[in-house]
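Report on the following structure.
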Amino acid sequence: MLHQEAIENKNYIMKLNYKNIFSLLFVVLGVVSIQAQEEEKLATQDSVAIQQDVVKDGNAKESGNRNVMLNAESNTGPREVNIGLPPSIGGITILENNLPVVYWFWPEMSTGTWRQSVGLERTGLLKMDGLANTMGDLGFGVNSYTQKGTKEFKGKAKLSGSHFGWFQGDINVSGPISESGWSYSAGAFVNFDPSTYDLGFNNYADQTQIYRIGLTKHFKENKGDITFAYKYSNSYSLTNYAVFEYGPNGEARELDDFTIGRDSYLPRDGRLKFLDMVSGDNYWADMDGQSATSEAHNFDIFGNYLMDNGWNFKYSTRLHIAEASLMYSAPISIFNAGAGSNFTFADTGEAYTGQVGTQLAMNSPRIPTTTLMGRFSVEKQLGNHDLTFGMLEQYYTVDDYHSNRSFFFQSVEPQPRRLIGTNTDVDGFYNYNVGGEYNNGFENKLSIYGSDSWKVSDRLKLDYGLHLRYHKMKGDHYTTPRAAGLVLDEANKQQFDHDWFHVAGKFNATYNVLNNFGILGSFLYTEENGLLGDYSGAPYPNLTKSKSPLGGLGVFWNTDYIQLVSQATYLNKNNYLQGLNLVNPNDDTESVTNTIYYDIQTIGWTTDFVLKPFKGFNLHYLITLQDPVYKKFNFTAFDNEYDYNDNSVQQISKVLMEIDPSYTYKDWRFWASFRYFSKQYANLTNALYFAERWETFGGINYKYNEHISLGATVVNFLNQRGAKGTINGAELITEPDPYYGRLLTGSYIRPFTVQASVTINF
């Protein structure tokens, strides 16, 4: 299913595609990334093993900062956080005011309506156990909070840019309105980012505007406050790809006539043609036009009230109304067209010979979605217990979601030109709506949850919680095969109606053997069945319950000079659904799409420490060793039985390292971040792989005075190249030799990039 597999491209994932036009399903979303400014360095334990910050009070619901916003791909979203599973299973959920910024990322991306901004009062990382207990979901969460009105005037502005022409303006002001406790907040965020390549048809690869306004009432006697906030967002963002050569050691070799990160592989004119699978009309869409732009209105009411009995009542509600658009030109394969191949340029009619790229065009134009959410909780410290009880409601509806598809050919060069071939129409397009998607309906999730942080003694602390969720899903879909020229027929519409009950929870324990040394244990559990997107294709989905237990055991050591935690973990994800596009290894003209259910098991060990050997110097180091493998992975294809039990999971490094040194002297701060990823397997047989790689960041911050701060960041200062992902069409290949020297396409790490920012407080 596209909505599942597309998650696999959240970061600089190089999806490599061959032969099969359906292999687009693994390339689509390379657009989740956000401002890589060091002063916003949101921290994370970048491993499944680190479940709990070991702090003196033993109760940290949100982590501090460790580079979640340093994204190697672009400036538009948080990095991918490793949890020992493919990113399609668990990763980063973005929340604002304790609610998801979007219910589901498809068709509305989180970064279309949320960006790291001075319009946010604070941002933190919600750890995996916290997300499991409060949302019932698996992964980490970036939790941000809207800037409320303030009792005194306060202003903050930030200007950012890069030597490639990126400009970002960000401002927020707040202050009192009356002596009765009313105050205001207003802000604007604009982003004009050309990225690092020249599109040709537009100056910017990302153009986003977010405007905020809010009113806050502060209650007397510091009883709390209530905020009424409105946010408007308008955003489009494009995903570029690169052409490179696959080498025998898993490396991506740069071509002489195509510079990775500097050249665009998007169509020169930025125009794509589709057949609307609902109306039956043909239309042209511009990659920077309304068919690629998402627009949303967000209404929040949030705050807290300290009751007379000591309980703190917290509330957050949201009405989110959007018209979401998705538009992509995704590479599939590259082949050589010789003399007599009958390819011509669409713009001139001139004959063309040479390398031809097969492309998928995708468009979901202005899909209406409505989300109504609310979270209500009470908290109180009772003796040695820190209690929380809450309720979460999430209602989501989408009207006639559909993804129109078409295919076309283009030249293999910077700013490629569209080609007309024997099997295309007069504009160069073919196979309209092959693999197209459609669903319509609503989901409702009603949850109750509770947690307790219990200081049993001076040495023993327990943190545990339970989440109970009722999930209702109802709608309609079409079982019509997604064949060429598909226009949906109402006669083939079918209804579906499901409801499920899910259990999630956490249990953490720390025991101080000595004052600064102790042992820790952790366990979390989540369940899920299905989403509306599971009905996007023609086959009836298998909605078997998927269960995810995760357990860990380790030690911690805290002194004035070192804070260390080392933990071993076990994680299992069962009944994971994946659609595989398989090519017959004995006949590459024969292909089939299989839906397969399997388990993934990850055993890992992580050590994470912060070293402070002398004043001003700080060194963070993390190393993860893990062994993610497939379980119950058996299927039949091309009259053969395949068994991939105990094979290594694709796209996951077995060795991860992160090294983050920093030094502060007076008003100066110097910092760097190094990330190492060992080789990653690129097909199911583990015959093909991508070489190990490094990601590097560095920067300088200077506080000029109490009002002005300056920052400079260098992204990829070692100018690394690297690939990650899978090689589609090669899932069953057992010998790697035929792939050496082939031209592949995929996304990439940004080239050497210098960014600068100035922050003004007034």
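Things worth noting here:
- Breaking point among (1) buried (at least 16 other Cβ atoms within 10 Å of the Cβ); (2) touching a residue at least 24 places away in the same chain (Cβ under 8 Å), for Thr424: (2)
- One residue from Gly505, Gly533, Gly551 being touching a residue at least 60 places away in the same chain (Cβ under 8 Å) and either surrounded by fewer than 14 Cβ atoms within 10 Å (Cβ to Cβ) or over 30 Å from Gly436 (Cα atoms) (or both): Gly505
- Test result for Lys493, under 21 Å from Gln394 (Cα atoms) and surrounded by fewer than 20 Cβ atoms within 10 Å (Cβ to Cβ): no
- Condition broken by Gln209, with the remaining ones in (1) within 25 Å of the chain's Cα centre (by Cα); (2) buried (at least 17 other Cβ atoms within 10 Å of the Cβ) satisfied: (2)
- Exactly one residue out of Asn558, Asn515 is within 30 Å of Leu611 (Cβ to Cβ), without any contact (Cβ under 8 Å) to a residue 12 or more places away in the chain and polar (S, T, N, Q): that is Asn515.
- Verdict on Phe376 being of a type in the set (Phe, Trp, Tyr), surrounded by fewer than 16 Cβ atoms within 10 Å (Cβ to Cβ) and in contact (Cβ under 8 Å) with a residue 12 or more places away in the chain: yes
- Residue that is surrounded by the fewest Cβ atoms within 10 Å (Cβ to Cβ) [pool: residues in region 729-762 that are over 28 Å from the mean Cα position of the chain (by Cα) and closer than 30 Å to Ser117 by Cα]: Phe762
- Number of the condition not met by Glu221 [criteria: (1) without any contact (Cβ under 8 Å) to a residue 40 or more places away in the chain; (2) touching a His at 6+ places or on another chain (Cβ under 6 Å)]: (2)
- Selection over region 133-173 of residues that are at pLDDT below 95, of a type in the set (A, V, I, L, M) and either more than 24 Å from Tyr230 (Cβ to Cβ) or touching a Cys at 6+ places or on another chain (Cβ under 7 Å) (or both) gives a count of 1.
- In this structure, Phe633 does not satisfy being modelled with pLDDT under 90 and out of contact with any helix residue (DSSP H, G or I) (no Cβ under 7 Å at 6 or more places or on another chain).
- All positions within region 526-552 that are within 22 Å of Ile603 (Cβ to Cβ) and touching a Phe, Trp or Tyr at 6+ places or on another chain (Cβ under 9 Å): Glu527, Ser546, Lys547, Ser548, Pro549, Leu550, Gly551, Gly552
- Note on region 306-341: residues that are part of a strand (DSSP E or B), closer than 30 Å to Phe244 by Cα, out of contact with any helix residue (DSSP H, G or I) (no Cβ under 9 Å at 6 or more places or on another chain) and touching a residue at least 60 places away in the same chain (Cβ under 8 Å) total 2.
- Residue under evaluation Gln650, criteria (1) more than 20 Å from Phe609 (Cβ to Cβ); (2) surrounded by fewer than 16 Cβ atoms within 10 Å (Cβ to Cβ), criterion not met: (2)
Yes or no, residue by residue, for (1) touching a strand residue (DSSP E or B) at 6+ places or on another chain (Cβ under 8 Å); (2) on the phi > 0 side of the Ramachandran plot:
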{"position": "Val610", "(1), (2)": "yes, no"}
{"position": "Lys615", "(1), (2)": "no, no"}
{"position": "Leu625", "(1), (2)": "yes, no"}
{"position": "Asp646", "(1), (2)": "yes, yes"}
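- Some residue of region 611-628 being surrounded by fewer than 16 Cβ atoms within 10 Å (Cβ to Cβ) and under 30 Å from Asn542 (Cα atoms): yes
- Residue in region 430-441 that is of a type in the set (A, V, I, L, M, F, W, C) and more than 20 Å from Gly533 (Cβ to Cβ) present: no
- When region 678-697 is filtered for residues that are out of contact with any helix residue (DSSP H, G or I) (no Cβ under 9 Å at 6 or more places or on another chain) and farther than 12 Å from Gln650 by Cβ, the ones remaining, listed by number, are Ser678, Ala691, Glu692, Arg693, Trp694, Glu695, Thr696.
- Within region 474-503, the only residue that satisfies the criterion of being within 28 Å of the chain's Cα centre (by Cα) and in a loop (DSSP other than H, G, I, E, B) is Arg482.
- Asp400 within 31 Å of the chain's Cα centre (by Cα), under 30 Å from Ser291 (Cβ atoms) and surrounded by fewer than 18 Cβ atoms within 10 Å (Cβ to Cβ): yes
- Scanning region 224-242 for residues that are part of a strand (DSSP E or B) and not hydrophobic (A, V, I, L, M, F, W, C) gives Gly224, Asp225, Thr227, Tyr230, Lys231, Tyr232, Ser233, Asn234, Ser235, Tyr236, Ser237.
- Only residues that are among the basic types (Lys, Arg), in contact with a Gly (Cβ under 9 Å, 6 or more places away or on another chain) and assigned to a loop (DSSP other than H, G, I, E, B) were counted in region 254-278, giving 1.
- Residues satisfying the stated conditions in region 453-473, i.e. exposed (fewer than 15 other Cβ atoms within 10 Å of the Cβ) and either touching a residue at least 24 places away in the same chain (Cβ under 8 Å) or assigned to a strand (DSSP E or B) (or both): Val456, Asp458, Arg459, Leu460, Tyr470, Lys472
- Only one entry in Tyr689, Tyr704 is among the aromatic types (Phe, Trp, Tyr) and either crowded, with 17+ Cβ neighbours inside 10 Å or closer than 30 Å to Phe335 by Cα (or both), namely Tyr689.
- Scope region 617-655; condition out of contact with any Lys or Arg (no Cβ under 9 Å at 6 or more places or on another chain) and among the small types (Gly, Ala, Ser); matching residues: Ala637
The values are calculated or read from the model by the stated rules, or taken from the named source; none is laboratory data. Quick caveat: nothing in here was measured; it's all calculated off a predicted structure. Neighbour counts are summed over all protein chains in view; Cβ atoms, including those assigned to glycine, are modelled from backbone coordinates with ideal geometry.
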